[in-house]
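A.B. asks: The structure's right below; bear with me while I get my questions together.
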Amino acid sequence: QSFKLLGFLDVKNVPCARESVLYGSLGSLVMGLGHFLATSRVRRSYDIAVGGFICTMLGYWFYCRYNLAQQRILQRMLKEGMKNRVLFEGSYLDPEKEQASSERSDS
């Protein structure tokens with residue numbers, strides 16, 4: 001079963017959404033409770049908690065999405081490299097064949 005935040009953000013299927021909401025909730029609790037314990041002002045603590053939720057959620061969202069994009073780029077590079085390895089293995093374009101022949105000529 002899927003949970004939609006604000007009616008449009010499908011938390012189950014969107015990468016990083018679940019973790020962002022969880023970390024945002026934790027940030028909200030810590031910042032709101034911390035401000036309340038420091039100042040004993042309820043309304044201001046509530047405002048700080050809402051701001052803490054938004055800031056923590058967006059901060060972790062961008063961090064997670066950036067790391068996900070980097071990971072996908074590396075996966076694409078590895079996939080292309082593996083395809084080229086299979087394609088060029090044993091041919092004159094094989095870089096390992098050149099390394100092996102230069103090592104034999106050095107000794």
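A.B. asks: Would you pick out the residues in the range 45-85 that are charged (D, E, K, R) and closer than 17 Å to residue 18 by Cα? Walk me through it before giving the result.
C.D. replies: Filtering the range 45-85 for residues charged (D, E, K, R) gives 47, 65, 72, 76, 79-80, 83, 85.
Passing the criteria: only 65.
A.B. asks: Same structure again: Which of the residues belonging to the range 44-64 are under 22 Å from the mean Cα position of the chain (by Cα) and exposed (fewer than 14 other Cβ atoms within 10 Å of the Cβ)?
C.D. replies: Scanning the range 44-64 gives 54, 58, 62.
A.B. asks: Could you figure out which of (1) modelled with pLDDT under 95; (2) loosely packed, with under 13 Cβ neighbours inside 10 Å isn't true of residue 70?
C.D. replies: That leaves (1) as the condition not met.
The values are calculated or read from the model by the stated rules, or taken from the named source; none is laboratory data. Please read all numbers here as calculations on a predicted model, not as lab measurements. Counting neighbours? That spans all protein chains shown, and the Cβs are built from the backbone with ideal geometry, glycine included.
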